[in-house]
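Before any comments, here is the structure.
The values are calculated or read from the model by the stated rules, or taken from the named source; none is laboratory data. Everything numeric here is computed off the predicted structure, so don't read it as measured data. Neighbour counts are summed over all protein chains in view; Cβ atoms, including those assigned to glycine, are modelled from backbone coordinates with ideal geometry. Heads up: the accessible areas ignore ligands, DNA and RNA and are worked out on the full protein's heavy atoms, side chains in. Shrake-Rupley method; radii C 1.70, N 1.55, O 1.52, S 1.80 Å.
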Amino acid sequence: MNNFNIHPDFKLNGISYSKEELKELAYSLVKEGAKFEMNLGDFLMDWLLPSQEIIVKTSGSTGIPKKIPLLKEHMVNSALATGAYFNLRPRDTVLHCLPMAYIAGKMLLVRALILGLHIDFIAPTSTPITHGTKKYDFSAMVPLQLRNTLGFIDCIDTLIVGGAPFSQDLKELVQDKSCQIYETYGMTETITHIAARKINHNAVKDLSTSSRPFKALPGLTLSTDKRNRLVIDAPRIAKQKIVTNDVVGLISASEFLWLGRFDNIINSGGVKLIPEQIESLLSTLIQERFFVTGLSNEKLGQKLVLIIEGKEVAADVLEKIEQSGLLERFQVPKEVISLPSFKESVNGKLLREETIRLL
């Protein structure tokens, strides 16, 4: 049976609810609410059922989107771990502006239910805050939402950001914000984030991604396999160890440096290149959306190429890259290719493989 109690301090849009009242609310949202409210109603109805599992879907950014079952007990444990990591207390105020269709949105609500948070649920638009009159203790956003609300973000004390790459220029733009901003690491299989790293307030002198470690939430142990892929042992949120496809530099059983995706690694002339490291360095030079990849080449096996989104590419982009000194000689792309637009997942993540097929 699902015996998870709703914390007595829990409030949704300023109103307290019992289990029965939440069931009534869920039913009315499904019947009469806007689309984003229907998703909230659907989740509440599933959560309040006596079943032990809930079905969630992955975003599709690292493969074919799929539905997977998660134990509600594990979701509760994840909520408690996040609460401990970020020192969340009953009656803390939370802004919910994420889609309820995905795990991050679901877990933000679960945290409120379990920890007794006062949560304001609004439409998950790309510009969730248009003024800074109301103060919040905590919130979660994707990078695009953060970028579009930089002028008002200080109305939030602590913000976690995930779901898409946190670009170098955005990191620089948030350094003077009083809001405590954290980049998160996780996936649907780990019930949203299992680690975080602080982005602003001089977290480190060097803002580059590779120099700042992620720190794990309590209750899990990290290791790597023979391919240096991250392995997560978190018995309170997953039945088995999770072997990720992320190549990391392991610092300890609770800290790691994220380097890139194993399936993105390029072997060019016997040199293994991690695209995400190169992209992090190039993000200070290139304003357009871009990524690097390896294309088949008889001489090198794979040729490193830079793909930029847009109808035209500046003729001197390679020259600027070479003159910048940001990259080692073997990291400099051999060719630049432009595409009018990139392929994206439903929630805006770049789909590399599908974009490459457009070439």
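Structural remarks
- Residues of the range 112-160 that are small (Gly, Ala, Ser) and touching a His at 6+ places or on another chain (Cβ under 6 Å): Gly116 alone.
- The residue that is farthest from Arg147 (Cα to Cα), among those in the range 157-173 that are at pLDDT 95 or above and of a type outside the set (Ser, Thr, Tyr), is Asp157.
- Within the range 151-162, the set of residues being open to solvent by 40 Å² or more (accessible area, probe 1.4 Å) and either touching a residue at least 40 places away in the same chain (Cβ under 8 Å) or in a loop (DSSP other than H, G, I, E, B) (or both) comprises Gly151, Phe152.
- If only residues of the range 163-177 that are touching a Lys or Arg at 6+ places or on another chain (Cβ under 8 Å) and farther than 23 Å from Asn87 by Cα are counted, the one that is surrounded by the most Cβ atoms within 10 Å (Cβ to Cβ) is Leu170.
- Residue check for Ser345: under 30 Å from Ala101 (Cβ atoms) and open to solvent by 50 Å² or more (accessible area, probe 1.4 Å): no
- A single entry from Arg261, Arg227, Arg236 fulfils the requirement of being more than 25 Å from Lys320 (Cβ to Cβ), open to solvent by less than 50 Å² (accessible area, probe 1.4 Å) and of a type in the set (D, E, K, R): Arg261.
- Selection status of Glu183, under 24 Å from Leu281 (Cα atoms), assigned to a strand (DSSP E or B) and not β-branched (Val, Ile, Thr): yes
- Restricting attention to the range 126-150 and to residues that are in a helix (DSSP H, G or I) and without any contact (Cβ under 8 Å) to a residue 60 or more places away in the chain, the residue that is surrounded by the most Cβ atoms within 10 Å (Cβ to Cβ) turns out to be Leu146.
- Residue among Glu309, Glu298 that is loosely packed, with under 15 Cβ neighbours inside 10 Å and either under 20 Å from Gly325 (Cβ atoms) or charged (D, E, K, R) (or both): Glu298
- Residues of the range 336-359 that are free of Cβ contacts under 8 Å to residues at least 24 places away in the same chain, closer than 28 Å to Asp316 by Cβ and under 19 Å from the mean Cα position of the chain (by Cα): Lys343 alone.
- Pair list, Cβ < 7 Å and 6+ apart or interchain, from the range 60-82 residues that are of a type in the set (Phe, Trp, Tyr) to residues that are modelled with pLDDT of 90 or more: none
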